[in-house]
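Working notes, structure below.
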Amino acid sequence: MRKILVISDTHGYLDNYEKVIKQNKEADYIIHLGDVCGDEKYIQWSVPYAVKILRGNNDWNRELAEKVVFEMYGHRIFATHGHRYGVYGSDVTRLVYAALQEDCDIIMYGHTHVPVIDEGEDYTIINPGSLTYPRQSGRKPSYILMTMEDDGNVTYELKYVD
Ligand SMILES: [Mn+2]
């Protein structure tokens, strides 16, 4: 089993990131979906487990990948910031098309700062929202804790930082 913290859009502020790390000591993987804004090295070394950081529209570090496709427990995961696929409001058409072309069944993106967990028959789309500049109604900083069981079952929990 793996506990994966999916976070995004920290925009150069780490106070809430530190809270998330402290509140999820059982996590063993972090995926940051971009707009890390210079904190990539810090985040990379802040935990003793695996970290993937994607490149957002406010990231100038060319070492960060624009997108990544990887497999875990029988799932293919497509992770990207989203701006390259024109995500806007709730329109994720191009992103979904690109992910399905690569046979992915879990699609994750950031950029909109609005959390989404949309579990479908063929694929699931998630967006953890922003830990720094939330834009959904209520504007609470948010992230997603994803649990992948060995048998491939996945659960997604939208969590908030107070
Ligand atoms: Mn952003």
Distance between the stretch 1-50 and the stretch 100-131 - C-alpha centres, whole angstrom = 18
Which percent of the accessible heavy-atom area of the stretch 1-128 goes to carbon and sulfur, probe 1.4 angstrom?
-> 48
Sorted by average packing, counted as other Cβ atoms within 10 angstrom per residue and highest first, what order do 10-21, 36-47 take?
-> 10-21, 36-47
Neighbour net charge for Gly86 - beta-carbon separation under 14 angstrom, K R +1, D E -1 = +1
Antiparallel DSSP beta bridges within the stretch 2-160, percent to nearest 5 | 60
Cα coordinate range in the stretch 2-160, projected on the principal axes (Å, largest first) = 36, 35, 34
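State the dimensionless ratio Rg/Rh of the stretch 67-162 (Rg: radius of gyration of Cα atoms; Rh: Kirkwood radius).
For the stretch 67-162, the value is 0.96.
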Please calculate how many Å² of accessible area the stretch 5-162 carries per residue, with a 1.4 Å probe and no DNA, RNA or ligand atoms counted.
-> 50
Just need the Rg to Rh number for the stretch 1-96, please, alpha carbons only, Kirkwood Rh.
-> 0.96
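At 222 nm, what value in deg cm²/dmol follows for the chain if DSSP H runs of at least 4 each add -39500 (n - 2.57) and the sum is divided by all its residues, to the nearest 500?
-4000 deg cm²/dmol
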Mean separation of Cα pairs under 8 Å and 6+ residues apart, divided by the residue count of the chain: what relative contact order is that in percent?
-> 24
Lysine pairs meeting the criterion (Cα under 26 Å, 8 or more apart or interchain), as found in the chain | 29
How large is the charge dipole for the chain, taken about the Cα centre, if only the Cβ atoms of Lys, Arg (+1) and Asp, Glu (-1) carry charge, to the nearest 20 debye?
-> 600
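The values are calculated or read from the model by the stated rules, or taken from the named source; none is laboratory data. Computed from a prediction, not measured in an experiment: that's the story for all the values here. Cβ coordinates were reconstructed from backbone atoms using ideal geometry, including for glycine residues, and neighbour counts include every protein chain displayed. In case anyone asks, the SASA skips ligands and DNA or RNA and just uses the protein heavy atoms, side chains included. Shrake-Rupley method; radii C 1.70, N 1.55, O 1.52, S 1.80 Å.
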